[in-house]
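Read-outs: derived from the displayed coordinates by stated rules, not from any lab. Everything numeric in this text was worked out from a predicted model, so none of it was measured. Here the Cβ positions follow ideal geometry from the backbone for every residue, glycine too, while neighbour counts run over all protein chains shown.
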Amino acid sequence: MKTPTKSRKRGTPAPVEAGQATRPKRSKVALPVPSPITPAVMAGVLAKHRGKPGELLGILEELQTLHPHKFLPLATLEEVAEQTGVPASQVFSVATFYTFFNLKPQGEHTLVVCRGTACHTRGSKARLQTLKRILNLKEEEGAEKVFLTTDDKRFTLKTVACFGQCALAPVVEVDGRMRSHVTEVCLKELVDGLTRGGKRK
Ligand code: FES
């Protein structure tokens, strides 16, 4: 004869029998931000730029802007190649050639310190060290360029060879806006303001 099962209210955990092993609780794992580049979004972006001069650049720029972490994931580049018929090697070389494009996730705010000759002679190295100290960032050993993101993903600090604004040295770009003749004091104020001010616009 079949042993009758006791009815249990929905959502009530089953009683643990003596000797029965209890399952360890599953820890919560933070899921990655879902990509906003759905097939429909991709189709819209491609249609918007189709046949226009600089089509590929326009597509990549818009897709990067749409990503919450302002970068172009590998899958996005592959999709662009597939959908446009442009060879993947060409799409990758465009994305890697222009410093504007990011292949790694960015923090909410991006600070780019110019390390060109004019900026260097006017103290850009010291400005870079100041920012690393303020943001508590440690440089990757042997890295040619700086590309560091804070643990809380609020700030990304990068370097660039030259912005072409040498007369304004030292130059630091903050969230796409060029800041000229930057001093240590103004950098501290900038970071303080961004820390208090919340998300990137
Ligand atoms: S060296 Fe910094 S803008 Fe040219």
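Taking only the C-alpha atoms of the stretch 39-97, Rg followed by Dmax gives 10.3, 28 Å. Placing unit charges on the Cβ atoms only, positive for Lys and Arg and negative for Asp and Glu, gives the stretch 39-97 a dipole magnitude near 160 debye about its Cα centre.
The share of alpha-carbon pairs in the stretch 109-197 lying farther apart than 19 Å comes to 31%. Taking the number of Cβ atoms within 10 Å of each Cβ as an exposure proxy, the fewest-first ranking of L72, L194 is L194, L72. Just list whichever of K48/K145; K52/K104; K70/K125 have alpha carbons separated by over 29 Å in the model shown. Over 29 Å apart, Cα to Cα: K48/K145. In summary, the aspartates and glutamates within cross-link reach of K138, defined as a Cα separation below 12 angstrom excluding same-chain residues under 8 places away, comprise D151.
Taking amide H as placed 1.01 Å from N in the peptide plane, the amide H of N102 sits under 5 Å from that of L72, each at least 5 places away or on another chain.
Taking amide hydrogens as placed 1.01 Å from N in the peptide plane, the amide H of F147 sits under 5 Å from those of E140, each at least 5 positions away in sequence or on another chain.
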